[in-house]
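The values are calculated or read from the model by the stated rules, or taken from the named source; none is laboratory data. No experiment lies behind these values; they were computed from the predicted model shown. Here the Cβ is made from the backbone with ideal geometry for all residues, glycine too, and neighbour counts use every protein chain on show. Surface accessibility is based on the protein's heavy atoms, side chains included, excluding ligands, DNA and RNA. Shrake-Rupley method; radii C 1.70, N 1.55, O 1.52, S 1.80 Å.
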Amino acid sequence: MQINIPRGTQDILPGTVEKWQYIENRIKDLCDRFQYNEIRTPIFEHTELFLRSVGDTTDIVTKEMYTFEDRGERSLTLRPEGTASVVRSFVENKMFGLPSQPVKLFYLGQMFRYERPQAGRFRQFVQFGVEAIGSKDPAIDAEVMALAYSVYESLGLSKLKLVVNSLGDKESRLAHREALMGHFSPSIGEFCKDCQSRLEKNPMRILDCKKDHDHPLMKSAPSILEYLNEDSKQYFEKVQAYLTALNIPYEVDSNLVRGLDYYNHTAFEIMSEAEGFGAITTLCGGGRYNGLTEELGGPEAPGIGFAMSLERLLAALQAEGIELPIEKKIDCYLVALGEEAKDYTVGLLNELRKAGFSAERDYLDRKVKGQFKAADRLQAKFVAILGEDELKENKINVKSQETGEQKQVNLDHLAAALKDFQSY
Ligand code: ATP
Ligand code: MG
């Protein structure tokens with residue numbers, strides 16, 4: 001019986017995995033330039049962590065978590081996002097006490113959400129995200145957005161749109177909350193069940209509803225920007241001034257609200273405006289979450305971060321027709337003629353590999369022509385050909401597949417000869 005892959009997951013095969021590696025390397029390089037250090041947290045956490053941090057009115061918590069009981073009857077959940085784990089770890093490892101502040105971290109790993117699979121929506125997907133914890137300087141908000149933006153830009157994407165909003169501080173949000181409740185409650189019966197429960201718990205999340213998106217009351221809803229107090233207003237203005245200083249184009253959208261209940265002040269998304277990208281255009285989402293460290297038992301440490309999935313990044317590259325410059329050539333393929341020469345290449349191959357070359361030989365008893373074809377398939381830069389006569393004379397023929405140049409070298413010095421050959 002054949003068993004297939006679970007819905008909403010995918011195998012990333014050789015030939016495609018190189019694209020992933022290329023992007024992962026670019027991400028790591030950019031994180032180094034921006035000075036974000038990698039953190040690796042477990043794939044599963046106590047369910048409680050996500051209930052507390054992501055919030056119980058979010059889609060993630062209400063319907064998307066992979067939650068299970070382990071044999072010790074603990075409720076565990078496959079992580080649906082990264083912020084909760086990173087902040088948990090920040091508190092648990094007392095990173096607030098580190099001399100170097102703010103603490104700037106990045107993660108790159110699988111996330112799990114029980115979603116309806118479609119283009120850009122998987123049940124297992126890979127997120128790259130960062131968290132900068134311990135500063136409420138609006139310049140760090142701008143830096144975080146610049147890092148997200150530069151991942152896309154540096155890979156060649158140009159049809160990008162950065163949308164920012166401010167959710168204000170607690171006071172501003174409370175005032176806005178009152179206004180939203182007044183706006184929606186008379187007609188809340190026309191909204192979905194989720195929105196009805198959001199009205200009391202977190203009415204701002206109604207604005208993020210995917211079902212009632214087109215209800216006329218959505219457009220006329222009171223804007224958070226009108227409820228920002230002086231501090232929040234100034235903060236938002238600073239963030240925008242810094243974005244301008246960074247030369248990053250952006251738009252303000254007062255209806256942008258993000259998933260987590262703990263978001264405040266800056267919220268942002270980066271979308272793809274490439275034609276034919278499909279219905280889901282958001283590539284990246286992020287925001288500020290002052291208060292989350294306290295909720296998870298730590299001291300006050302304001303944070304900001306974002307997350308983007310590599311699946312949507314790859315989809316955006318495809319929509320813009322961008323081919324990543326992936327070269328997959330091997331250094332040397334050993335072609336052998338006759339039994340003795342074949343035997344000899346076993347040790348010779350190993351020597352090349354020890355010397356740092358990527359090298360391969362035949363394992364299917366192919367004729368010479370077949371071996372040359374195999375060398376072509378692997379895009380070998382050099383082919384080294386060992387015949388019975390050469391073996392007797394302790395020599396080997398080396399041919400550059402790029403220039404056609406050919407040389408006979410001492411068999412004991414093949415690795416050195418390849419190095420020489422490569423250097424001009
Ligand atoms: P959406 O509105 O598309 O459901 P979200 O608000 O649930 O997004 P976040 O939790 O903010 O998304 O996750 C950040 C990013 O992770 C998204 O912008 C997207 O790039 C990616 N992402 C989220 N869910 C998925 C998924 N199921 N498959 C692939 N990528 C995803
Ligand atoms: Mg979602």
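List, in order, the whole-Hz ³J(HN,Hα) value for each residue of the stretch 280-289 obtained from phi through the Karplus relation with A = 6.51, B = -1.76, C = 1.60 and θ = phi - 60°; use x for Gly and Pro.
Each residue's phi maps through the Karplus curve to give 8, 10, 6, 9, 7, x, x, x, 9, 9 Hz.
Counting only protein heavy atoms and a 1.4 Å probe, tell me what percentage of the stretch 91-236's accessible area is made up of carbon and sulfur. Provide the component values of the computation, followed by the final result.
Values: 3430 of 6800 Å².
Its accessible area is 50 percent carbon and sulfur atoms.
Could you order peptides 375-384, 224-233, 31-40 by the average number of other Cβ atoms within 10 Å of their residues, highest first?
Details: 375-384: 19.5, 224-233: 17.4, 31-40: 14.8.
My ranking of the peptides, most packed first, is 375-384, 224-233, 31-40.
Which of the peptides 322-329, 266-273, 242-249, 120-127 is most tightly packed, and how do the rest follow, judged by the mean count of other Cβ atoms within 10 Å per residue? All intermediate terms of the calculation are to be shown ahead of the outcome.
Details: 322-329: 10.6, 266-273: 23.0, 242-249: 14.0, 120-127: 18.8.
Ranking, from highest mean packing down: 266-273, 120-127, 242-249, 322-329.
Please list, ordered by chain and number, the residues whose modelled amide H lies under 5 Å from the amide H of K381; skip anything fewer than 5 residues away on the same chain.
It is I330, D331, C332, by chain and number.
At 222 nm, what helix-only mean residue ellipticity would the chain give, in deg cm²/dmol to the nearest 500, using -39500 (n - 2.57) for each DSSP H run of four or more?
My calculation for the chain gives -10500 deg cm²/dmol from helical runs alone.
Taking the chain as the reference, fit the longest principal axis to its C-alpha atoms, fit the long axis of helix 339-354 to the helix C-alpha atoms, and give the angle between the two in degrees, 0 to 90, nearest 10.
On a 0 to 90 degree scale, this one is about 40.
Could you check what % of the DSSP bridge pairs in the stretch 332-423 are antiparallel, to the nearest 5?
The answer is about 55 percent antiparallel.
Could you tell me what percent of the accessible area of the stretch 281-424 is made up of carbon and sulfur, with a 1.4 Å probe and every protein chain present? Each step should come with its number before you reach the end.
Working: 3410 of 7260 Å².
Its accessible area is 47 percent carbon and sulfur atoms.
Work out from phi, with θ = phi - 60° and the Karplus expression 6.51 cos²θ - 1.76 cosθ + 1.60, the ³J(HN,Hα) of each residue of the stretch 16-29, listed in order in whole Hz, and give x for Gly and Pro.
Rounded to whole hertz, the list is 9, 4, 4, 5, 4, 4, 4, 5, 4, 5, 4, 4, 5, 5.
Shape verdict for the stretch 332-423, please, from the Cα gyration tensor: rounded (a/c under 1.5), prolate (a/b greater than b/c) or oblate.
Values: a/c = 1.35, a/b = 1.10, b/c = 1.23.
It comes out rounded by the Cα gyration axes.
Give me a comma-separated list of calculated 3J(HN,Hα) values for the stretch 237-247, in order, Karplus coefficients 6.51, -1.76, 1.60 applied at θ = phi - 60°, integers in Hz, x for any Gly or Pro.
Going residue by residue, I get 5, 4, 4, 5, 4, 5, 4, 5, 4, 8, 6 Hz, with x marking Gly and Pro.
How are the C-alpha pair distances of the chain spread across 20 Å bins, as whole percents from the shortest bin up?
So the P(r) values, bin by bin, are 22, 43, 23, 11, 1.
Sequence gap at least 6, Cα distance under 8 Å: using those rules, report the relative contact order of the chain to the nearest whole percent. Before the final figure, lay out each step's value.
Working: 715 pairs, mean separation 65.0, N = 424.
Relative contact order of the chain: 15 percent.
Please work out the Cα center distance from the stretch 194-260 to the stretch 359-380, rounded to the nearest Å.
Using only Cα atoms, the two centres lie 60 Å from each other.
In terms of modelled amide H atoms, which long-range or inter-chain residues lie less than 5 Å from the amide H of M65?
Y114
For the chain, find the longest principal axis of its Cα atoms and tell me its angle to the long axis of helix 138-154, 0 to 90°, nearest 10.
40
Could you work out the relative contact order of the stretch 119-274, using alpha carbon pairs under 8 angstrom and six or more residues apart, expressed as a whole percent?
42
How large is the accessible surface per residue of the chain, computed with a 1.4 Å probe and reported in Å² as a whole number?
Ligands and nucleic acids excluded, the result is 51 Å² per residue.
If I fit a long axis through the Cα atoms of helix 368-377 and take the longest principal axis of the Cα atoms of the chain, what angle between them do I get, 0 to 90°, rounded to 10?
Long axis of 368-377 versus the principal axis of the chain: about 20 degrees.
Under 27 Å between alpha carbons, and skipping anything fewer than 8 positions from K407 in its own chain: which lysines qualify?
Correct list for K407: K328, K329, K342, K354, K367, K369, K373, K381, K392, K395, K399, K419.
Quick one: which residues, 5 or more positions from L324 or on another chain, have an amide H under 5 Å from its amide H? H modelled 1.01 Å from N in the peptide plane, none for Pro or chain starts.
none
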